[in-house]
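The values are calculated or read from the model by the stated rules, or taken from the named source; none is laboratory data. What you see is a predicted model, and the numbers here were worked out from it, not measured in a lab. We place every Cβ from the backbone using ideal geometry, glycine too, and count neighbours over all the protein chains shown.
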Amino acid sequence: QHVIELERVTKRYDSAGAPALGPLTLGVARGEALAVTGPSGSGKSTLLNLVAGLDRPTEGAVIVAGRRIDRLSEHALATFRRRHIGMAFQFFNLLDDLTVTDNIQLPAQLTGTGRREAAARAGELMEMLGIRQHARAYPGRLSGGERQRVAVARALVNRPALLLADEPTGALDTASGHDVRDLLLDLHRAGQTIVLVTHDPALATACASRTVHLVDGHVARDSSARAAR
Ligand code: ADP
Ligand code: ADP
C-alpha cells in the first residue's frame, strides 16, 4: 500500500519553457524512508510542496494517505494536512513563547484532541525522543539538535501517515546533525513513513531506505529501480 502516489504530475510556474517538475509518476510505500536529493533548483521543494498540499500541480494527480488532495478546497487541505502530514523544517519553526510541551501538544489541540490525550501523547513522544527533561523549558534555551527533536515530536503528535522533513539538519552543526540523523533512522525502524529532502548525500545514505535524485525536475536516479523487489 502506498502512502504517496504521484500520477503524471507536472508543475509549471510559468507557461514558457520546461516544467519545474515532471512529468513524474512516483509511489512511496508505507514504511518507506525516501530521501529526495538533487542540486539547487532541481525541484525538491516543489515536490515536497505538492505532497504536503501546500501547492497544486499543473497536471496530474497527487494522492496521499489514500486521498486525492490536489483538488481539495483550501479549507479541506488545511484539515487534511493537520491530520495526516507532519512537517519538520530546517529552522524548526517552533513557537518561542510556548514551552516544549505546549509546542508539541498544539497540533493535537488544533485537531480537537482532548487536553488529557494531547498531554499523554506529548509525554510519550518526549520520552521516545529523549527530551522529557526539557518539558517545561522554552525552545530558546535548547540546542539546535534538541529543538529539531521538539519539532519532530510536534510533527508526530497527530500520528501522521507521513513525516516530511525539509533539510532537517541544514541549520545544525555536525554533532547535532548526526543526532537528528539517528532520530530519523529510529523513526524509520519504528515504521514511520518519511520523505526527507536534503542536499546532503551522506544523510540520505544514512537514514533512507530509498533515494530519488532529481535533476531539472526529472528523476535522474531511483535507488529502488536497481534494488527492485
Ligand atoms: P529545489 O528545492 O531543488 O532547489 P525548487 O523546487 O525550489 O528546487 O525549484 C525548481 C525550479 O522551479 C527552479 O527553477 C525554481 O527557480 C523554480 N521555482 C520554484 N518555486 C517557484 C515559484 N514559486 N515561482 C517561480 N518559479 C519557482
Ligand atoms: P531550497 O532551499 O529548498 O532549494 P529555495 O531557496 O529554492 O528552497 O526556495 C525557497 C522558496 O522560494 C520556496 O518556497 C520556493 O517555492 C520559492 N522559490 C524558489 N524559486 C523561486 C522563484 N524563481 N520565484 C519565486 N519563488 C521561488
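Are any residues in region 46-76 away from ligand 1 (no atom under 13 Å from the Cβ) and not aliphatic (A, V, I, L, M), and if so, which ones? Can you show your working first?
Step one: list which residues in region 46-76 are away from ligand 1 (no atom under 13 Å from the Cβ), which gives 53, 59-76.
Answer for region 46-76, where residues must be away from ligand 1 (no atom under 13 Å from the Cβ) and not aliphatic (A, V, I, L, M): Gly53, Glu59, Gly60, Gly66, Arg67, Arg68, Asp70, Arg71, Ser73, Glu74, His75.
So Gly112 clears everything in (1) surrounded by 14 or more Cβ atoms within 10 Å (Cβ to Cβ); (2) at positive phi except one condition, right? Which one?
(1)
If you check every pair at least six apart or on different chains, which have Cβ atoms under 7 Å apart with a residue in region 107-126 that is farther than 26 Å from Asp186 by Cα first and a residue that is part of a helix (DSSP H, G or I) and among the charged types (D, E, K, R) second?
Leu110/Arg82; Thr111/Arg82; Thr111/Arg83
Which condition from (1) in a helix (DSSP H, G or I); (2) touching a Cys at 6+ places or on another chain (Cβ under 9 Å) is the one that Ala35 breaks?
Only one criterion is unmet by Ala35, namely (1).
Note down all Cβ pairs under 6 Å where the first residue falls in region 22-46 and is under 15 Å from Ala208 (Cβ atoms) and within 16 Å of ligand 2 (Cβ to nearest atom), the second is of a type in the set (A, V, I, L, M, F, W, C) and in a loop (DSSP other than H, G, I, E, B), and they're at least six residues apart or on different chains.
Ala35/Ala208
To keep it simple, each residue is scored yes or no on (1) crowded, with 20+ Cβ neighbours inside 10 Å; (2) touching a Cys at 6+ places or on another chain (Cβ under 9 Å); (3) part of a strand (DSSP E or B); (4) among the polar types (S, T, N, Q).
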{"position": "Thr10", "(1), (2), (3), (4)": "no, no, yes, yes"}
{"position": "Gly17", "(1), (2), (3), (4)": "no, no, no, no"}
{"position": "Ser42", "(1), (2), (3), (4)": "yes, no, no, yes"}
{"position": "Gly53", "(1), (2), (3), (4)": "yes, no, no, no"}
{"position": "Arg56", "(1), (2), (3), (4)": "no, no, no, no"}
{"position": "Arg83", "(1), (2), (3), (4)": "no, no, no, no"}
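For Val197, state whether it is in contact (Cβ under 8 Å) with a residue 60 or more places away in the chain, surrounded by fewer than 21 Cβ atoms within 10 Å (Cβ to Cβ), β-branched (Val, Ile, Thr) and within 16 Å of ligand 2 (Cβ to nearest atom).
Taking the combined requirement at face value, the residue does not satisfy it.
Name the residues in region 205-228 that are under 30 Å from Ala153 (Cβ atoms), of a type in the set (A, V, I, L, M) and modelled with pLDDT of 95 or more, would you?
Ala208, Val212, Leu214
Which of the following residues is surrounded by 17 or more Cβ atoms within 10 Å (Cβ to Cβ) and either charged (D, E, K, R) or in contact (Cβ under 8 Å) with a residue 60 or more places away in the chain (or both): Asn158, Asn103?
Just one listed residue meets the conditions, Asn158.
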